[in-house]
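The values are calculated or read from the model by the stated rules, or taken from the named source; none is laboratory data. Remember, predicted model here, so these are calculated numbers, not experimental data. A quick note on method: Cβ atoms are made from the backbone with ideal geometry, for glycine too, and the neighbour counts reach across all protein chains shown. Ligands, DNA and RNA are excluded from the accessible area calculation, which covers all protein heavy atoms including side chains. Shrake-Rupley method; radii C 1.70, N 1.55, O 1.52, S 1.80 Å.
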Amino acid sequence: MADRPLSPHVTIWKWSPAMLVSILHRASGDGMALVGLPVLLWWLAALASGPEAYARFARAADNPLGMVVLVGVSWAFFNHLCSGIRHFVLDMGAGYELNTNSRWSVGTIIGGVVLTAAFWAVLVTK
Amino acid sequence: MSETKGTPLAQVRGLGSAHHGSHHWLLQRYTAAGNLITAMFLAISLVLLPDLSFAVVRAWLAQPLPATLMALLVVSVFWHARLGLTVMIEDYVHDSARKFAVLLVLNLVVAAGIAFGLVCVLRIVLAALSEASAHDAVAKLQQAMQSASQGAPR
């Protein structure tokens, strides 16, 4: 990299909800791409291969590490879904006013957590 | 043909963008809409299924509508992930040779992932169909044996 002045570093910015949403959108998207998609393919392959393969998938999903991965992937999905819908709204040119923008930024973060909790509440009580 | 003037750079200055940026941007939105529909269908279906046992999930996925939507999900989600990871790589990998290599690997892996996902969906449908027809054949055989034993003296 050229030896030129850098833009102000992360640590000297005042944090705002929009920054956090932006970072979480990228983190949850790339996280899903790198972890969620292999899990999706494993699940499909297990269904295609038969009951034994599906039982192996279910055993892996049932242990603590598997649970952390599945809950993490589902949170990444719902978070990315909410902040993605926010992007659609911003694409239309709406929601740039500072207070509105902050409110909806906080809303997408809460929405992602609430949807994840609701999803697992239904699955666990089955 | 008229004479071209100036350097290659001077010739293209002021012509505007090559439109590849908006192509990437639009595809990211199209696939995002596709993901929204197909992934929500998957999430809601998982919630509504009576349980998540092999038999129940496969019987559900082998139906025409879920199978179609899962095939579309695989294509849309992998394509969207390819666009997103491309941006991440372009942002964080600065060495151009390394960037080329990583993008090459990404494209190969995405193509493989789509092909594998589609083959899996197809196999799920075909396995369910062949089991159903085997089930039918056994039922027909049992019926034939039963009626043969009832009308005993020929």
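Some notes on this structure:
- Calculated SAXS-style log₁₀ I(q)/I(0) at q = 0.09 Å⁻¹ - the protein assembly as shown, Debye, Cα scatterers: -0.59
- Dipole magnitude of the protein assembly as shown, debye to nearest 20 (Cβ charges: Lys/Arg +1, Asp/Glu -1, about Cα centre): 100
- For chain A, the per residue solvent-accessible surface stands at 62 Å², with DNA, RNA and ligands left out and a 1.4 Å probe.
- Positive contributions from Lys and Arg (+1) and negative ones from Asp and Glu (-1), summed over other residues with Cβ under 13 Å from the Cβ of B:SER76, come out at +2.
- Positive dipole terminus of the protein assembly as shown, leading residue within A:LEU40, B:SER45, B:LEU104 (C-beta point charges): B:SER45
- Here chain B is treated with +1 on each Lys and Arg Cβ and -1 on each Asp and Glu Cβ, and its dipole about the Cα centre works out to around 200 debye.
- Estimated FRET transfer efficiency when R0 is 35 angstrom, pair B:SER22-A:LYS14 (beta carbons, to 0.05): 0.60
- For the stretch A:13-105, the fraction of 1.4 Å probe accessible surface lying on carbon and sulfur atoms is 72 percent.
- Local net charge near A:HIS87, Cβ-Cβ under 12 Å (Lys/Arg +1, Asp/Glu -1): +2
- For the stretch B:1-113, the share of accessible area belonging to carbon and sulfur comes to 70 percent (1.4 Å probe, ligands and nucleic acids excluded).
- Rounded FRET efficiency, nearest 0.05, which uses the C-beta distance separating A:ARG4 from B:ARG123 and R0 of 51 Å: 0.40
- Accessible surface for chain B, divided over its residues, is 68 Å² per residue with a 1.4 Å probe.
- Distance (nanometres) between label positions extended 7 Å along Cα→Cβ at B:GLU90 and B:LEU36: 2.3
- The calculated FRET efficiency for the pair A:ALA53 and B:LEU141, based on their C-beta separation and a Förster distance of 25 Å, comes to about 0.25.
- Where a label projected 7 Å from the Cα of B:ALA115 along Cα→Cβ would reach, residues of the stretch B:77-93 with amide N under 18 Å: B:78-79, B:82
- Gyration tensor verdict on chain A (Cα atoms; rounded if a/c is under 1.5, prolate if a/b is larger than b/c, oblate otherwise): prolate
- For the stretch B:108-154, a drop of 30 Å² or more in accessible area on going from the chain alone to the assembled protein chains (1.4 Å probe) is found at B:PHE116, B:CYS120, B:ARG123, B:ILE124.
- Net dipole in debye of the stretch A:11-111 [+1 Lys, Arg Cβ; -1 Asp, Glu Cβ; about Cα centre; nearest 20]: 160
- 10 Å Cβ neighbours from other chains, averaged over peptide A:37-45: 5
- C-alpha long axis of helix A:17-31 to longest principal axis of chain A, angle in °: 30
- Helix B:96-150 axis, angle to chain B major axis (alpha carbon atoms, nearest 10°): 10
- Accessible area that becomes buried as B packs against A, both chains, 1.4 Å probe, Å², nearest 100: 2800
- Charge tally in the Cβ shell below 12 Å around B:ASP91, where Lys, Arg are +1 and Asp, Glu are -1, B:ASP91 excluded: 0
- When shorter helices are ignored and each DSSP H run of at least 4 residues is given -39500 (n - 2.57), the per-residue value for chain B at 222 nm works out to -29000 deg cm²/dmol.
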